[in-house]
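Everything on this sheet refers to the single structure shown next.
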Amino acid sequence: MRKKVIISLTILLSGAIIFNIVQAAGSTPGSDSDPLITSSYLDKKMQEIVTTLQNSDKTTETALNQKIQQTSESLSAMDKKVDDLSKQIGQTSAQGFEVINLSTGKRMICEASTEVILRSGKASVVSETSAGLSDVTAGGDIKAGETIVKDHLLIIPRSDGRGVRAETTVVIMVKGKYEIK
């Protein structure tokens, strides 16, 4: 029985060796079954890879340069806008409040966003509608005809004829556009 096993193993091994020899003889050089390559083949493939990478680098470099240029132009435009806005803010801040003396019965009609502070005297709200002025200090609204509290910051919400009427001689601080009538 032992002899049979040894003979069977020998036949199997011989078959495997013969199969590999036949396989190697039937394969094409340079194919997947014959992985051996020549130096010239390797050099050719390496050159193709290098050329592909160089072309890809040039394309990428061109695209990156274009993106950098666009970003630079965009930043320049934004810098100009920031400078313009800074100048506008600086001009508004530099104007500050103007001190106005109004005699009894005079009216100061203001444009939208004008700021008003009554410093002395007695004054009331003027409005062609029932709407009033925003009293920022008190956090409320002063309606047409109501008395203005001294030292409260008032803001004119719209350019629709709203303003201040002097009940006595008054001193008013104002920042913004206005007309005295």
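The values are calculated or read from the model by the stated rules, or taken from the named source; none is laboratory data. Keep in mind it's a predicted model, so treat the numbers as computed, not measured. So basically every Cβ, Gly included, is an ideal-geometry build from the backbone, and we count neighbours across all protein chains shown.
With the structure loaded, tell me whether residue 166 is of a type outside the set (Asp, Glu) and crowded, with 17+ Cβ neighbours inside 10 Å or whether it fails that test.
Against the criterion (of a type outside the set (Asp, Glu) and crowded, with 17+ Cβ neighbours inside 10 Å), residue 166 qualifies.
Of 60, 104, 114, which residue is modelled with pLDDT of 90 or more and farther than 23 Å from residue 177 by Cβ?
Exactly one residue qualifies, and that residue is 104.
Cβ contacts < 9 Å: first residue in contact (Cβ under 8 Å) with a residue 12 or more places away in the chain, restricted to the stretch 47-69; second residue surrounded by 10 or more Cβ atoms within 10 Å (Cβ to Cβ) and polar (S, T, N, Q), any location; separation 6+ or different chain. Result?
Listed by first residue and then by second, the contacts come to nothing, as the list is empty.
When the stretch 66-93 is examined, which residues are found to be at pLDDT 80 or above and among the polar types (S, T, N, Q)?
Hits for the stretch 66-93 are 66, 69, 70, 71, 72, 74, 76.
Mind telling me which of the residues 124, 130, 113 ends up being in contact (Cβ under 8 Å) with a residue 40 or more places away in the chain and not in a strand (DSSP E or B)?
113
Suppose we filter 160, 141, 151 for residues that are within 24 Å of residue 96 (Cβ to Cβ) and either touching a residue at least 24 places away in the same chain (Cβ under 8 Å) or part of a strand (DSSP E or B) (or both); which single one remains?
Answer to the selection: 151.
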